[in-house]
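The structure under discussion appears below in the form of structure tokens.
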Amino acid sequence: MNTFSLKHTAVLATLSMLALPAMAHPGHGEALGFLAGVAHPFTGLDHLLAMLGVGIWGGQQRRSLAQPATFLGMMLLGALAGMAGFGIPGLEMGIAATVALTGMAIALALSLPNWLGVGLVGLFALAHGNAHGHELPAASAAFGFMLASAILLMTGRFIGQVMAVRIVRVAGAAMTAAGLVLMGIS
């Protein structure tokens, strides 16, 4: 065996020792539900952009935490509705539209009255939560995506508060373009 082959064998052996336990073992399903829930907002471009965007928009306005708190609460309601089998017509198109609209709000540095901004964010969250509830109907997954969403919202808020205004607005324009592309795919 040459050195190159030996290194590959060592890497594969190490990776196999790190492999996740077999899912046939009792008790692992709930952990997987939680991990799937945590991963979901980070692996779906539409969810990732929307949650970062809502945070950035709120950070841009430098207002209270009402927007992220409302997003999380309404997302949970939407998820519970999805888990119960209630759907929203045109859900995928609506989610893509939330990305485009949030990006536009950032790009324009849109400052709405707080009650209107919070209401808009709440509607966006219902759609995202409903999709999560359909895709990940386990309670453990809900805890996971709520945690991940809170992290994304607060990360976005931080970005909106500390990044240069021009960079944030360009990011908003890029988010709008991504949302329009997603709408075309939906």
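Note on region 163-173: residues that are closer than 15 Å to residue 48 by Cα and either surrounded by fewer than 14 Cβ atoms within 10 Å (Cβ to Cβ) or free of Cβ contacts under 8 Å to residues at least 12 places away in the same chain (or both) amount to 0.
In the set (1) out of contact with any helix residue (DSSP H, G or I) (no Cβ under 9 Å at 6 or more places or on another chain); (2) part of a helix (DSSP H, G or I); (3) not basic (Lys, Arg), the condition left unmet by residue 89 is number (2). Scan region 149-160 and report the pairs whose first residue is basic (Lys, Arg) and whose second residue is surrounded by 18 or more Cβ atoms within 10 Å (Cβ to Cβ) and assigned to a helix (DSSP H, G or I), with Cβ atoms within less than 6 Å and a gap of 6+ or a chain change. Cβ pairs passing all conditions: 157/55; 157/58; 157/59.
Per the listing 90, 58, 53, the residue uniquely closer than 17 Å to residue 133 by Cβ and at pLDDT 90 or above is 90.
If you go through region 94-108 and pick out every residue that is over 16 Å from the mean Cα position of the chain (by Cα) and either part of a helix (DSSP H, G or I) or modelled with pLDDT under 95 (or both), you end up with 4. Of all residues in region 128-145, those satisfying the criterion of being without any contact (Cβ under 8 Å) to a residue 60 or more places away in the chain and assigned to a helix (DSSP H, G or I) are 129, 130, 133, 134.
Here's the yes/no breakdown for (1) buried (at least 18 other Cβ atoms within 10 Å of the Cβ); (2) under 13 Å from the mean Cα position of the chain (by Cα); (3) not hydrophobic (A, V, I, L, M, F, W, C):
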site	(1), (2), (3)
116	no, no, no
125	yes, yes, no
139	no, no, no
157	yes, no, yes
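Among residues of region 107-127 that are among the hydroxyl-bearing types (Ser, Thr, Tyr), those with a Cβ under 7 angstrom from a residue that is surrounded by 18 or more Cβ atoms within 10 Å (Cβ to Cβ), sequence gap 6+ or separate chain, pair up as 111/61.
Results for (1) at positive phi; (2) in contact with a Leu (Cβ under 8 Å, 6 or more places away or on another chain); (3) modelled with pLDDT of 95 or more, shown as yes or no for each residue.
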residue	(1), (2), (3)
121	no, no, yes
133	no, yes, no
146	no, yes, yes
149	no, yes, yes
154	no, no, yes
160	no, no, no
184	no, no, no
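The values are calculated or read from the model by the stated rules, or taken from the named source; none is laboratory data. Keep in mind the model is a prediction, meaning the values are calculated, not measured. Note that we place each Cβ from the backbone using ideal geometry, even for glycine, and neighbour counts take in every protein chain shown.
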